[in-house]
Amino acid sequence: MNANVKVVERKCFIDGQFVSSSKQFTKINPADGTVVAQVHEADKAMVDAAIKAARRALHGPWGKMSNQARADMLRAIADGIDKRFDEFLAAEMNDTGKPWNLASHLDIPRGAANFRVFADAIRAVGMDSFHLDTPDGKGAINYAMRKPLGVVAVISPWNLPLLLSTWKLAPAMACGNTIVIKPSEETPSTITLLAEVMKEVGVPDGVYNVVHGFGPNSAGEFMTTHPDVDGVTFTGESATGAAIMKAVAPTVKPVSFELGGKNAGIVFADCDFDAAVAGMANAVFSNTGQVCLAPERIYVERPIFDKFVAALKAKAEGLVLGWPIDKTTTTGPLISKEHQQKVLSYYELAVKEGAKVITGGGVPKFGDARDNGSYVQPTLWTGLPETARVVKEEIFGPCAHISPFDTEEEVIAKANDTRYGLASTVWTTNLSRGHRVAQAMEVGISWVNCWFLRDLRTPFGGAKLSGIGREGGMHSINFYSEPTNVCIKL
Ligand code: NAD
Ligand code: 6OD
C-alpha cells in the first residue's frame, strides 16, 4: 500500500560523489512502521570533507559564473525535478507518510518553483549607487556589489522536506554560494535525489553537498561549530534555533532562522461562514497539522461560536485518514512514533487541564498495517483558559483549541499573548477590520480570508521566538550575499 516498498540506501553526497559511511540508521515509513531507507550518517571527517569541497568550489567555475548562467542552471534543476516528479513524490511520501494529494500539489511542485523564482530574482537585483560631494568639488562615486556569503550550511526540518530545503538552497545557489545541507534525519530522501539532479544538469562538484545525520554531537553540530562555514540557514524548532545560535557564536556566523509558531486564527461573525470553516479546516489539519503556520488557537466571535465549532467538528470528522498513496486520503500519519507520543501527551494534557473534547483525542484503529504507523485523530477542544499549556505551547499536530471572543480589542490582545510570532489568519468581510486586525498581529505573516497563500517574492519569517530575519525574494538575496562597497574618487 506504500508508494514504493523497496528499502533504498541514502548516502551522503560530497564533492560530486555519493559517499558511504560505516555508521547507518534506518528510516521508517510512518504510515505502517516499515523500513524504507538505510541512511549513511556523516561523521566529523565527512562533514569536514564536505565543507572543504564547498570551499574549493566557491573559488572554481561556480564562483566565476555569471548570474545569467547560474540562473539558467537553477532553471535546469527545476526541470530536472519535474522530469523525475514521480520519483521525488514517492520518496517524499515514503519518508513522511504525506498523502499523494498534498505532496503532488504542494511539496514537489514548490521544490521546482523555488529554483525558478530565485533564477528570476537574481536576474532582477540591483545595488545601491551614491554620488558623494567632496571638498575639492570633484566628488566620488560609491557602488555596492554583491558577493556570495561563502559556504552556507542549510539545516532543514521534516515537515515539508523538499519545499523548505529548496526554499533556502535556491536563493543561496542563485547568489553564488556553495552548500552543505543536512536534511532532517526523518526525511533524507528527496535531498539525496536532488544530488542526482544536480549532477545530471552539470552543477560543478562541491557546490552542493549532502551530509546525513542528527543534531547534537552529529552532522548538525559539526556544521554549526565548523570555523569554515560562513553562514547558517535553519528551519526548525525554536529551542534548536537557540542551540544553533550558541554554537555559531564563537565563529560569529550570520544566521537566518525560521522557527516554531503557536498561531492564531480569528473568525469574525461577519465572515463568509462557509469559506471560513473550509479555510480554517485546511489550516488546522493540512499535513496532519505539521505546518509551522497552522493555527492551533482559534478565536471565534461569540454570535457564531457554537455554529462554527459544530461546522469545524463536521469537517474534522469528514477527513479521510488513509494510506498516503490513496488519492482520497486527506490526512496521513504524523512523522514518527516519537512525535505521535508527543502529540498524544498534549491530547491527555488537554483533558487534564479541563478541556471539552469536541472530537478526536486518540489514535484511530484501522485493523491493518496502518495500526503500526503514527496516526492520531484530528482533534478539537473548547473550554480551556488562555493560560493552559495546550493553548500556549506548539503541539505540531492535527489539533486546535477554539475560544469565543466579544470584541476586536480583546481578540487582538489574546492573539498576541504568546512568545511566538509567526503567522495569523483573520476571517472577515469588513475590509477595514481585515486590514486593522492583520496589521495589529505581532507576526511575520498575516493572512486575511486565506491561509498559506504564498507569493514567493514577499518577506517570510517570524517575530519573537519564531525566527530571525526574513526570506523570500530580495530578502533571501540579501541574506545570502555579502554586499561590498566600492568608493572611487573622481
Ligand atoms: P528540529 O528543530 O527538531 O530539527 C530541525 C533540523 O535541525 C533537523 O535537521 C535536525 O536534525 C537539526 N538539529 C536538531 N538539533 C540540532 C543542533 N543542536 N544543531 C544543529 N542541527 C540540529 O525541528 P523539526 O522537528 O524537524 O521540525 C519541526 C519544527 O520546525 C516545528 O517547531 C515547526 O514550527 C518548525 N518549522 C518552522 C518553519 C518556519 O518557516 N518558521 C517551517 C517548518 C517547520
Ligand atoms: O512557503 C514557504 O516558503 C515556507 N517557508 C513555508 C513554511 C511552512 C512551515 O511549515
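The values are calculated or read from the model by the stated rules, or taken from the named source; none is laboratory data. Here the structure is a predicted model, which means the values were calculated and not measured. So basically every Cβ, Gly included, is an ideal-geometry build from the backbone, and we count neighbours across all protein chains shown. Only protein heavy atoms, including side chains, enter the accessible area calculation; ligands, DNA and RNA are left aside. Shrake-Rupley method; radii C 1.70, N 1.55, O 1.52, S 1.80 Å.
Worth pointing out:
- Of all residues making up the range 343-360, the number that are within 26 Å of residue 422 (Cα to Cα) and surrounded by 15 or more Cβ atoms within 10 Å (Cβ to Cβ): 8
- Scanning the range 374-401 for residues that are among the charged types (D, E, K, R) and in contact with a helix residue (DSSP H, G or I) (Cβ under 9 Å, 6 or more places away or on another chain) returns 386, 389, 393, 394.
Let's see how each residue does on (1) among the aromatic types (Phe, Trp, Tyr); (2) more than 22 Å from the chain's Cα centre (by Cα):
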position: 411; (1), (2): no, yes
position: 437; (1), (2): no, yes
position: 442; (1), (2): no, no
position: 447; (1), (2): yes, no
position: 457; (1), (2): no, no
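- Residue ranges of helices (runs of 4 or more DSSP H) in the range 400-490 with at least 1 members farther than 27 Å from residue 163 by Cβ, open to solvent by 20 Å² or more (accessible area, probe 1.4 Å) and at pLDDT 95 or above: 408-416, 431-440
- Wholly within the range 105-168, strands (runs of 3 or more DSSP E) carrying at least 1 residues that are within 16 Å of ligand 1 (Cβ to nearest atom) and in contact with a Phe, Trp or Tyr (Cβ under 6 Å, 6 or more places away or on another chain): 151-155
- Residues (more than 27 Å from residue 204 (Cβ to Cβ) and surrounded by 23 or more Cβ atoms within 10 Å (Cβ to Cβ)) located in the range 33-57: 36, 37
- Of the residues making up the range 265-274, just one is assigned to a loop (DSSP other than H, G, I, E, B) and touching a Phe, Trp or Tyr at 6+ places or on another chain (Cβ under 6 Å), namely 271.
- Neighbours by Cβ (under 9 Å, 6+ apart or cross-chain): first from the range 151-164, not assigned by TED's automatic domain parsing to the domain that holds residue 185; second in a helix (DSSP H, G or I) and within 14 Å of ligand 2 (Cβ to nearest atom): none
- Subset of the range 290-344 (residues that are within 16 Å of ligand 2 (Cβ to nearest atom) and among the aliphatic types (A, V, I, L, M)): 291, 293, 294, 334, 335, 343
- Residues that are within 17 Å of residue 98 (Cβ to Cβ) and either touching a residue at least 60 places away in the same chain (Cβ under 8 Å) or in contact with a Pro (Cβ under 6 Å, 6 or more places away or on another chain) (or both) within the range 295-323 comprise 319, 321, 322, 323, listed in sequence order.
- Qualifying residue in the range 303-324 (condition: at pLDDT 95 or above, within 12 Å of ligand 1 (Cβ to nearest atom) and surrounded by fewer than 15 Cβ atoms within 10 Å (Cβ to Cβ)): no
- Filter result for the condition that a residue is in contact with an Asp or Glu (Cβ under 8 Å, 6 or more places away or on another chain), under 30 Å from residue 64 (Cβ atoms), away from ligand 2 (no atom under 16 Å from the Cβ) and not aromatic (Phe, Trp, Tyr), over 176, 139, 150: 150
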